[in-house]
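Report on the structure given below.
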Amino acid sequence: MALPRGKDLALHSAAITFYSGIAVVPVALLAVWLTGLVVGADRVRRLTGRTIEALPDDIGVPHALTALIDAGLALTPMLALASLLPATLYGEGLRRAFASIARPGERLVGWRGRVLWLPLLAAAPALLLALLLALPTTSGLWLRGGWWSVLGVVLSFLAVWLVLTPVVIWVYRYVAPGRPPWLPTVLIGSFTAANLSGFLHGFVLFCSLPLDLGLPFGGFTEIGGVVAVGLWLYLFHVIVLTGFAATRSVKERSTEDAAPIGR
């Protein structure tokens, strides 16, 4: 599989990473806020408590996640509305990258991406709640140690995979231009979601390593942490764009095979 000539996957991944750097916190805040409205703030805190306890604390991940959840649950409707504009930038970034690869020169590309990203924000409570219901079990197994930890990782991988699969399929089918066929979109989307799930768990493992992230930056650990998250987001989007390129390749091959029949 190859991108069309002149289409730099690494460059497009970096562009999406820029948009996601702006959007990731507002998206998370809105998802937590909407989930809290549906099931209650106390239940959200209870479901996430054991997971936060199980996360590695070497670079302050549990503290950051706790602060994020508290901020999301404390949102007011006006603050949520203010978060909506930067949250939809993620959809714009994805659409711009996809359109640059598949349909250069598309009009209103940014607004198309923003609007088509909104259904995923609306579905955030269902998606997040499905994940939160599995986390207490998987985190409890991890804390027991031994082979129970292995089972916990496997179940956690499956839970994240199942939650990400409809998200990736929607992104490839609707946020991206061109409407690829359903079957390759579902198969490639599911496979991509599995890779993303494994990558997310790899990032958790990375956070547990005794690394001095500030070493390359003159001892500024905070800067090292930001750079590490940015690199993670970049590689995350390399996987997303690779899956999209695969769906485009299947669609173009199907079009070429069907062309003689229509003549």
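Each reported figure results from applying straightforward, stated rules to the coordinates on display, with no laboratory input. Predicted model only: the values in this text are computed from it and were never measured. Ideal geometry is used to build each Cβ from the backbone, glycine not excepted, and the neighbour counts take in all protein chains shown.
Assorted remarks:
- Cβ-derived FRET efficiency at R0 25 Å, Thr242 paired with Trp182, nearest 0.05: 0.80
- Backbone N within region 78-101 under 17 Å of label point (7 Å from Val25 Cα along the Cβ vector): 79-90
- Computed from the C-beta positions of Phe199 and Arg107 and an R0 of 51 Å, the FRET efficiency is 0.90 to the nearest 0.05.
- Based on Cα contacts under 8 Å between residues 6+ apart, the chain shows a relative contact order of 24 percent.
- Helical contribution to [θ] at 222 nm, DSSP H n ≥ 4, -39,500 (n - 2.57), averaged over the chain, rounded to 500: -28000 deg cm²/dmol
- Relative to the longest principal axis of the Cα atoms of the chain, the long axis of helix 221-262 makes an angle of roughly 30 degrees.
- Taking 0.36 nm per residue of separation and subtracting the current Cα-Cα distance, fully stretching the chain between Val226 and Thr66 would add 55.8 nm.
- Gaussian network model of the chain, Cα within-10 Å springs - most flexible of Ala23, Ala87, Ala67: Ala67
- Efficiency of FRET between Ser208 and Leu37 - r from beta-carbon atoms, R0 22 angstrom, step 0.05: 0.10
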